[in-house]
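First up is the structure itself, then whatever we jot down about it.
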Amino acid sequence: MRWGRCHKGRQARTIPDHLGTSSNFLSPSLLSPAHMSATSSLLTVSPDRARRIFDDIEEQFRLDRDALIKITEQFLTDFRLGLSEYNQAMAMIPTFVTGVPNGTETGTFLALDLGGTNLRVCEVQLLGNHQFHLRQQKYKVSEALKTGEASALFDYLADSVDAFLTEIGSESPTMPPTSDPFTSSPSLLDMTQQPSIPLGLTFSFPVEQTALDQGKILTWTKGFSAKNAVGHDVVQLLQDAFNRKHLHVRCVALVNDTVGALLSRAYSAGGCILGSIFGTGTNGAYLERVENIKKLGDSPARQKGGFMVVNTEWGGFNNSRTVLPTTSFDNKLDRESINPRLQAFEKFISGMYLGEITRNVLLSLIDAAPRPLLFNGKSSDDLNRHYGLDTAVMSEIEEAWEVGREDPLSGHSDAPKVNGVRPDWQFMHFTDVDKLPHEDVVRLERIRGIITQRMGISASDVSLTDAAIVRWAVSLVAERAAKLSGCAVAAVLVQTERARIGGGFVPDEERIIIGVDGSLIQHYPNFGTKLRDSIRSLVGAEVEQRVDIGLAKDGSGVGGQFAIYLRLDYRS
Ligand code: GLC
C-alpha cells in the first residue's frame, strides 16, 4: 500500500480542524449530493493510527516471491508424500484413468455431475472432431440435502436423472442385460438383469478410488456434510438409489471434476497435462508416471506402467499451515467452518471462502476501536451473517473498478501522477480519493452502489473513501488467491519435469496444455492474468509462455462421459 508516500506533503484543504486530520477527505468538486451525506470514517481517526492498521492488514496478505517459492517447494514435498503413502492431507488419488482423449472419439453418453453449488445431468455427444454437443439440466442442491442423510442426497441425484430422462430423454445406447464385462462391483450385478443406460458420475469430492467404478468417500468438502457417506463407496450409494427407484441406469465410471477438466481439454485441444478447478473449491489432476505412484505397490496397475491421472486434492495442501500465509481473518474463517484445520489451501483460494475472508476484513475495520475505519462503524444483516458476503460481489466490485481501463494490470501507465508519483493501481489510494481523475471517481461511485445494494449498507454510511477501502480489501484477498493458485500449477510443472523452480529451464514441448474450469478463473476479473504472473515468477518466462491455459468446456459433463468411454473400453 502506498498511502504513506502519497500522503506526504499534502496541504490540508477543507477538513474541519476538529476532525484532526489533514488529508483523508474528498474534494467537494467531485462530490454529488449523495456523497456529501456520507462522511469517511477515516476522518475521525489519526492518520498514523489508521495507516498502521491498514499497513498491518496489507502486510498479513503480502506474498513475495520467496514465500511463493517456499510454498511451491512444500507442494513438491507433499506431492511425493501423497504419491508414496495413503491417508496424507494431500491425498494424491490414483484415478485409474490411464489415457486421455485426442478428439477423434465419438459416442453419446449420460453423465451426472455433483459439484459444489449445482447438480447437473447431461448427455454429451462426442462428434469426433474435437467438438461435442451437450444437453443438460441443472438442479439446486439445498442445504438440507448437503447436510442431511446421504441416502436422501443420493435419492435426489437419482430423481434428477429420472427427471432428465423423462423430460429430455436419452440417445445413449443401453447396455444389454446378459453381458456384463464392465462392473467390478458385485453389488451391481443384479442390475444386469435389465438393459440399462450407462452413466458416468463426476463427483467433485475426495474419493479414494480403487478402480474406475469404485471408490470410498474420504471426506466431504465445500460445505457438504451428509451423514453416512464418508467411508462408503460412492458408486454404490448412487447405484443403490437408482435401484430403490427401479431406474434402469447403471453407474459405470467415476471421475473427479478436475479429471473431467483434464479429459475435456484434452478432447478439444488434442492433449492436456493438468485439469484444474478454481471455483467453489479448488483442485488439480495431472498425468503422472505410474512408476512414481509408489503407494500402488506391486498392483497390476503399477506393473502396467505408463501414465495415470492423479487427483491431487490440493485443497488439503498444508493443513498444518506451516507455509501458508495465515492471517487472523483466515483463522477466524477456519475456526468457524464446518471442517476446521482441513482444506487449508482451498480456504485461501476458492470462491466458497474469498467472500468470507473479505467479510472478516471489513468487519474488523467496521469494529476498529476506539474509532471505526469503515462505514461509520455500521454493519448490515448481510455483513453480520456467516458467509453473508458472496465472492460474486467481490467480482462485481473488481469489475466496476476495471471497466474501461486499458491495461488494468500494467499499473495504468497513462494515469496522472499524484503528488509527482505515478500511483500503483494494484492498491487503491484511499487516502487520496480526492486526487483521483474523474473517471476513477465514477468507478468508485459504481462500487459505492454495489456496496449499498449487495452488502445492504445504507448509502449515507458509504463514502467514496469507504468504496476505495472495500476495493482495496477485495483485491488483497483475490490477489493472494491468484498467487497461491500459481504455486499449485507451477508445482505440477516441476513435478512433471517441465520446469524448474527459479526458471532457466526450457521444456521440449512448444505447448504445455492445461484445462481450467470454475467461476473464479472464468469470471473473476484478472484472476487468470495474476495466476500467470505467479507462474512466471516461479518458473520463468520461457516455461510460462509455453503454458496454454484454456477453458475445459463443460469438463464435468464431458469428463463423466469420457470415463464411460474408458470404462467400456470403446477405444478398442
Ligand atoms: C474440493 C473437492 C475436490 C474438487 C474441488 C473442485 O476441493 O474436494 O474433489 O475437485 O473441490 O470442485
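The values are calculated or read from the model by the stated rules, or taken from the named source; none is laboratory data. What you are looking at is a predicted structure, and each value in this text was computed from that prediction instead of being measured. Cβ sites come from the backbone with ideal geometry, for glycine too, and all protein chains shown count toward neighbours.
List of remarks:
- Some residue of the stretch 548-562 being closer than 28 Å to THR326 by Cβ and among the acidic types (Asp, Glu): no
- With respect to the conditions (1) in a loop (DSSP other than H, G, I, E, B); (2) within 16 Å of the ligand (Cβ to nearest atom), GLY215 lacks only one, and its number is (1).
- Matching residues in the stretch 522-548 - criterion: being β-branched (Val, Ile, Thr) and under 15 Å from CYS487 (Cβ atoms): ILE535, VAL539, VAL543, VAL547
- Residue count for the stretch 280-302, restricted to those that are within 13 Å of the ligand (Cβ to nearest atom) and either touching a strand residue (DSSP E or B) at 6+ places or on another chain (Cβ under 8 Å) or farther than 30 Å from ALA478 by Cα (or both): 5.
- Checking the stated criteria, GLU346 turns out to be within 16 Å of the ligand (Cβ to nearest atom) and of a type in the set (Asp, Glu).
- Scanning the stretch 250-279 for residues being in a strand (DSSP E or B), over 16 Å from TYR565 (Cα atoms) and more than 16 Å from the ligand (Cβ to nearest atom) gives a total of 0.
- Going through (1) touching a strand residue (DSSP E or B) at 6+ places or on another chain (Cβ under 6 Å); (2) away from the ligand (no atom under 16 Å from the Cβ); (3) charged (D, E, K, R) one by one, ARG371 falls short only on (1).
- Where strands (runs of 3 or more DSSP E) sit wholly within the stretch 59-174, those with at least 3 residues that are among the basic types (Lys, Arg) and either under 30 Å from ALA491 (Cβ atoms) or assigned by TED's automatic domain parsing to the domain that holds PRO198 (or both) occupy 132-140.
- Residue, nearest to the ligand (Cβ to nearest atom), within the stretch 303-326, restricted to residues that are closer than 13 Å to GLN343 by Cα, outside any helix (DSSP H, G or I) and of a type in the set (A, V, I, L, M, F, W, C): PHE317
- Which listed residue, of PHE164, PHE205, is within 15 Å of ASP113 (Cβ to Cβ), within 16 Å of the ligand (Cβ to nearest atom), out of contact with any Lys or Arg (no Cβ under 6 Å at 6 or more places or on another chain) and at pLDDT 95 or above: PHE205
- Residue count for the stretch 362-372, restricted to those that are part of a loop (DSSP other than H, G, I, E, B), in contact (Cβ under 8 Å) with a residue 60 or more places away in the chain and of a type in the set (A, V, I, L, M, F, W, C): 1
- Residue in the stretch 380-388 that is among the aromatic types (Phe, Trp, Tyr), more than 16 Å from the ligand (Cβ to nearest atom) and closer than 25 Å to PHE203 by Cβ present: yes
One line per residue, one yes/no per condition, for (1) at pLDDT 95 or above; (2) closer than 17 Å to PRO198 by Cα; (3) of a type outside the set (Lys, Arg); (4) under 22 Å from the mean Cα position of the chain (by Cα):
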residue: GLY116; (1), (2), (3), (4): no, no, yes, yes
residue: LEU119; (1), (2), (3), (4): no, no, yes, yes
residue: VAL124; (1), (2), (3), (4): no, yes, yes, no
residue: LEU127; (1), (2), (3), (4): no, no, yes, no
residue: LEU134; (1), (2), (3), (4): no, yes, yes, no
residue: TYR139; (1), (2), (3), (4): no, no, yes, yes
residue: GLU149; (1), (2), (3), (4): yes, no, yes, no
residue: LEU153; (1), (2), (3), (4): yes, no, yes, no
residue: LEU157; (1), (2), (3), (4): yes, yes, yes, no
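- If you check ARG335, ARG359 for being of a type in the set (Lys, Arg), crowded, with 19+ Cβ neighbours inside 10 Å, in a helix (DSSP H, G or I) and away from the ligand (no atom under 13 Å from the Cβ), only one passes: ARG359.
- Total residues in the stretch 501-527, condition away from the ligand (no atom under 16 Å from the Cβ) and touching a Phe, Trp or Tyr at 6+ places or on another chain (Cβ under 9 Å): 1
- Number of positions in the stretch 280-301 that are buried (at least 24 other Cβ atoms within 10 Å of the Cβ) and not in a loop (DSSP other than H, G, I, E, B): 5
- In the stretch 223-243 there is at least one residue matching the filter, namely being assigned to a loop (DSSP other than H, G, I, E, B) and within 12 Å of the ligand (Cβ to nearest atom).
- Contact map, the stretch 373-388: first residue closer than 20 Å to ARG49 by Cβ, second residue basic (Lys, Arg), Cβ cut-off under 9 Å, separation 6 or more or different chains; pairs are GLY377/ARG371.
- Out of SER460, SER413, sole residue that is over 20 Å from ASP390 (Cα atoms) and modelled with pLDDT of 95 or more: SER460
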